[in-house]
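Report on one structure; see the data block that follows.
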Amino acid sequence: MENPFSRTQLLLGREGMEKLASSRVAVFGVGGVGGYVVEALARSGVGTLDLIDNDTVCLSNLNRQIIAVHSSIGKYKVDVAAERIADINPDAVVHKYRTFYLPENAGEFDFSQYDYVVDAIDTVSGKIGLVVQANEAGVPIISSMGAGNKLDPAAFEVADIYETSVCPLARVMRRELKKRGIPSLKVVYSREPAMTPLEEPDKPGLTGTAGEGTERPRRQTPGSISFVPSVAGLIIAGEVIRDLAGVNRNGRKMQ
């Protein structure tokens, strides 16, 4: 009998699909990368998803974020993503958190509930906090490195953080995680050198997406394009799905 995930089951098997249905994944950051992670996890039958983000959809998100359309502008990203999940898989359970993950509110999240954590946020302190907290809870985590100012989607690869090179964000993460005694971290990163943006947008130095009516200062607004963060997000989702289902890239069960 056909079901929404029957084609996926042909690759992962019934047991793999049952594992996905019983899994709970937390996705921190539902933007250019995280939005595609959420989309792929929902379309793969992950049973429970926790969405953590305080941004609202804005006009400049339309070029790259799967949840961004004109009708969603001004809405919280977690609300828009939750609506998409419900339309894809009404049986999925979604927990929404309209907040940014910061060291100050890390205690609000019980990582022991999660089967996997996805780090798709863009603050170094938050990324470090997620990795430390996941390690303390013994929960697998995968982290997205820099995707801004890049044009080659084929340059992304999966590696341990200590095997990365070129990426400035990965360099900072290597240094900080080593200080904290974190032995490893699965990441998706690109060795493509970052481009220098050709010009500043209308409001230089402001993101305009830090929540309702607020803006966050930053050194420079990075350039981005539709086919780069989306690929990073789908690669991350693929790693999560295979790890949870217990199969490798050939569909064979992992020992």
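All of the numbers you see were taken from the coordinates with simple rules; none came from a lab. Model, not experiment: these values are computed from the prediction. Because the Cβ atoms are built from the backbone with ideal geometry, glycine has one as well, and the counts that use them run over all protein chains shown.
What the table shows:
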{"item": "Within the stretch 20-245, percent of DSSP bridges classed antiparallel, to nearest 5", "result": "25 percent"}
{"item": "Estimated distance in nm for a label pair at Asn250 and Gln113, the labels positioned 7 Å out from Cα along Cα-to-Cβ", "result": "3.9 nm"}
{"item": "Relative contact order [Cα under 8 Å, 6+ residues apart], the stretch 1-75, whole percent", "result": "29 percent"}
{"item": "Highest-fluctuation residue, Ser71, Ser230, Ser23 considered, GNM on the chain with Cα pairs under 10 Å", "result": "Ser71"}
{"item": "³J(HN,Hα) computed for each position of the stretch 161-167 - Karplus, 6.51 cos²θ - 1.76 cosθ + 1.60, integer Hz, glycine/proline x", "result": "3, 7, 9, 7, 8, 6, 4"}
{"item": "Reachable aspartates and glutamates from Lys186, criterion Cα separation under 14 angstrom, eight or more residues apart if same chain", "result": "Asp119, Glu157, Asp160, Glu163, Glu239, Asp243"}
{"item": "Selected from Val139, Val78, Val25 as most flexible by GNM, with the chain as the system and alpha-carbon contacts under 10 Å", "result": "Val139"}
{"item": "Ascending count of other beta-carbon atoms within 10 Å, so fewest first, for Phe28, Phe5, Phe227", "result": "Phe227, Phe5, Phe28"}
{"item": "Within straight-line cross-link reach of Lys75, lysines at Cα separation under 27 Å, skipping those fewer than 8 residues along the same chain", "result": "Lys96, Lys127, Lys203"}
{"item": "Average Cα contact separation per residue, the chain, under 8 Å, 6 or more apart, as relative contact order %", "result": "23 percent"}
{"item": "Cα gyration tensor shape for the stretch 1-108, rounded if a/c is under 1.5, else prolate or oblate", "result": "oblate"}
{"item": "Cβ-Cβ FRET estimate between Leu11 and Leu59, R0 fixed at 45 Å, reported to 0.05", "result": "0.75"}
{"item": "For the stretch 12-73 versus the stretch 119-165, the gap between their alpha-carbon centres in whole angstrom", "result": "17 Å"}
{"item": "Reachable aspartates and glutamates from Lys77, criterion Cα separation under 14 angstrom, eight or more residues apart if same chain", "result": "Glu39, Asp50, Asp53, Asp55, Glu212"}
{"item": "Sequence of Lys150, Lys127, Lys178 once ranked by neighbouring C-beta atoms within 10 Å, starting from the fewest", "result": "Lys178, Lys150, Lys127"}
{"item": "Charge sum, other residues only, whose C-beta stays under 10 Å from Gly29's C-beta, Lys/Arg counted +1 and Asp/Glu -1", "result": "-2"}
{"item": "Computed helical MRE - 222 nm, the chain, DSSP H runs ≥ 4 contributing -39500 (n - 2.57), nearest 500", "result": "-10000 deg cm²/dmol"}
{"item": "In nm, spacing of pseudo-spin labels at Tyr162 and Ser226 (7 Å Cα→C-beta vector)", "result": "4.1 nm"}
{"item": "Mean Cβ neighbour count within 10 Å, used as a protection proxy, ranking 105-111, 82-88 highest first", "result": "82-88, 105-111"}
